Amino acid sequence: MNKHTLLSITIFLLSVQLKAEIVLPRILGHNMVLQQGKPVVIWGKASAGETVNVQFAGQNQTTSADVSGKWSVTLKPLKASSNPEELVIAGTNLIRLQNILVGEVWLCSGQSNMEYTMRKNSKVKPSLAMQSVGEYNPVDELAYANNPQIRIFLVNRKELSKPDSMHRGWNMAQDSALRSFSAPAYFFAKELYKNLNVPIGVISSAVPGSRIEPWISEAAFREDPYFGNEKVDGEPGKFYEPMIRPLAPFALKGFLWYQGESNCFLKETITYSHKLKTLITSWRSAWNDQKLSFYYVSLAPFNYSESKGKVALTRETLPEFREAQELVLSLPRTGMIVTTDLADNLSDIHPPFKWEIGRRLALLALSADYEKNDLVSEGPVYEKMKTKGRSIELSFSQIGSGLASRDGQGLTGFTIAGADGIFVSAEARIDGKRILVSSPSVQHPVSVRFAWDEAAQPNLVNKEGLPARPFRTDNPLKSQLPEGQKRSEALNTANSK
C-alpha cells in the first residue's frame, strides 16, 4: 500500500470519527407532550450538511444541517392524541423518542412560590385544604396522582443547555418525579385535563428568591424604549439564558408566572410594570408568537412592612405593588388571579394553598383560550364610582352570578375619605350589582379604597367564590391619563423611572 493510499484511508477514517451524531435539545425527549393546533418545530445539531429525517404522526420531513450544524423541521399542526406514538429522527444515528402525546403545553416560571414542590404540598396541614371531594384532599395528591396523560418537565439550570443522550427530561406526573415538581403547575395541569380531556404538558422553570430582571435578556432591556441603553441592575439574563432561551421554539400554548415578592421588597411600582411588560413581549418574541397567553399571580397578604431590609416598607407597599402588577393587564392575552384569601400566616411568604392557585390560573386559561364561556374565571373587578349623598356607589365587572360575602358577614376591607384624603374604616353593603360605601365621619366622600393594606383579607367575592381585586378609586396612574384613554398607555407614558 503506497503512502498516498494510506493517507486517503487515514483521512477517510478521521472524517468518519469526526462526523457528529444528531444531538437534540434536552426539552425534546421520551414522554413529552407536543402542542396541538400549532406548527411544531423539531430541532437540533448534526454535522454541517448532514441530512436529517423526522417522522411523526404520518408526517415525514427531511432537511440538512447548516454550516454551523444547526437543523430544524416544522411539523404541520397536529391534532390532540392520547395514543402514545414514536417520533423518529434519522441521520448518522437514529433516535426514537417513545410515548409521545399531543395536547396542551404550558411553561411555568417565577420564584419560590412557583417552584413550591408537591413534596411541600404534602406537608400542609390537611385542615387547610379548601376543597375536598369525599375522602380526597389536595394535600394528599401524591398518593392519588397517576394520570399518564399529564406530563411534567423540570428545568435544571445547569443541565438544560446540555444535551441528554438518554432523552429523559419528561416524566409522567407521579411518584418521585412529581414530588420535586411545581405544585401550582401540576394543579393547573390537573384542572385543565379535567375540563379538556386532552394530554397536558407543563414545564417548570423557577428559581427561589429570584427577582424579575434575571428572567429578561439584556438585549430585551436594550431594545425596550423605556429602558433604552440604561444599565438595569438585578443581573439581567442570569436565568433567562440557561433556563428559558434553550426551551424556544418548543411549541407552547402560553406562560404562567408567579413572581414579584423579591421586587416588592424593593418597593417597586411602575418600574416593575415595565419590566413585566418587557418580559412578556420578549418571551413572546423568543417563540415568534405574540399571541401566547400570559397569566400571573397577584401577591398574597404578607407582613412586608416588618422586614428589616435596606428599603423601608409600609403597609401600603404591597397594595401599591399589586396595582403595578394589574397595570400590565393592558397587554393583550394576559390575566391575573387574586390571592387575598389564600394566606394562612402573614409571616409566611409562601401561601400553602397551591391547589387553588393552580385552579384559578386554569380558570383564566379555560375561559380565554379554550372557550369555556360558562366558567366564571375572575372575582369582582372595580370599574367606576358615583357619589350618592354621603355614600359612594361602586360598580364592578366580573360579578358572575352576583356579589356576595364569603362568610355571610358584613363586608370588610373598605375605607373611605373626603377631600382631606384621610381614609377611615367604612361600612359597605351590597345593593344589587353595586356596593354602597359610607362612614358617619365622612360627610362628603371623595375616594374609596379596598384591601389597601398588606394584611387585608376581605370577604367580598362573587357567588362563584372568587375574591374581589384590591383597588383604590384615587389611583394616581389612572388620574394621569386623559378621559377615555386605555390603561395600556400608562406603560409608555405615565411616570418617569
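The values are calculated or read from the model by the stated rules, or taken from the named source; none is laboratory data. All figures in this text were calculated on a predicted structure; none of them were measured in a lab. In this analysis, Cβ positions are derived from the backbone assuming ideal geometry, glycine residues included, and neighbour counts consider all displayed protein chains. These area figures cover heavy atoms from the full protein model, side chains too; ligands, DNA and RNA do not enter into them. Shrake-Rupley method; radii C 1.70, N 1.55, O 1.52, S 1.80 Å.
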Margin query: G432 - would you say it is open to solvent by 30 Å² or more (accessible area, probe 1.4 Å), under 29 Å from P351 (Cβ atoms) and not charged (D, E, K, R)?
Written below: no
Of the listed residues (I42, I100), the one being open to solvent by less than 10 Å² (accessible area, probe 1.4 Å) and in contact with a Ser or Thr (Cβ under 8 Å, 6 or more places away or on another chain) is I42
Report yes if some residue within region 52-61 is under 28 Å from the mean Cα position of the chain (by Cα) and surrounded by 13 or more Cβ atoms within 10 Å (Cβ to Cβ); otherwise report no.
-> no
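Residue-by-condition table, conditions (1) aromatic (F, W, Y); (2) surrounded by fewer than 14 Cβ atoms within 10 Å (Cβ to Cβ); (3) within 27 Å of D344 (Cβ to Cβ); (4) touching an Asp or Glu at 6+ places or on another chain (Cβ under 7 Å):
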residue: S439; (1), (2), (3), (4): no, no, no, yes
residue: V446; (1), (2), (3), (4): no, no, no, no
residue: A455; (1), (2), (3), (4): no, no, yes, no
residue: G465; (1), (2), (3), (4): no, no, yes, no
residue: A468; (1), (2), (3), (4): no, no, yes, no
residue: F471; (1), (2), (3), (4): yes, no, yes, no
residue: P476; (1), (2), (3), (4): no, yes, no, no
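Yes/no per residue for (1) open to solvent by 20 Å² or more (accessible area, probe 1.4 Å); (2) in a helix (DSSP H, G or I); (3) among the basic types (K, R):
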{"site": "K275", "(1), (2), (3)": "no, yes, yes"}
{"site": "I280", "(1), (2), (3)": "no, yes, no"}
{"site": "Q290", "(1), (2), (3)": "yes, no, no"}
{"site": "L299", "(1), (2), (3)": "no, no, no"}
{"site": "L342", "(1), (2), (3)": "no, no, no"}
Restricted to region 315-340 and to residues being polar (S, T, N, Q) and assigned to a helix (DSSP H, G or I), the residue modelled with the lowest pLDDT is S330
Next item on the list: Considering every residue within region 320-335, establish whether at least one is in contact with a strand residue (DSSP E or B) (Cβ under 8 Å, 6 or more places away or on another chain), closer than 22 Å to P208 by Cα, touching a residue at least 24 places away in the same chain (Cβ under 8 Å) and crowded, with 20+ Cβ neighbours inside 10 Å.
Entry: yes
With criteria (1) surrounded by fewer than 16 Cβ atoms within 10 Å (Cβ to Cβ); (2) closer than 22 Å to S161 by Cα, S82 comes up short on (2)
In region 184-211, residues that are surrounded by fewer than 22 Cβ atoms within 10 Å (Cβ to Cβ), in contact with a helix residue (DSSP H, G or I) (Cβ under 9 Å, 6 or more places away or on another chain) and part of a loop (DSSP other than H, G, I, E, B) total 4
Scanning region 376-410 for residues that are without any contact (Cβ under 8 Å) to a residue 40 or more places away in the chain, under 25 Å from the mean Cα position of the chain (by Cα) and outside any strand (DSSP E or B) gives none
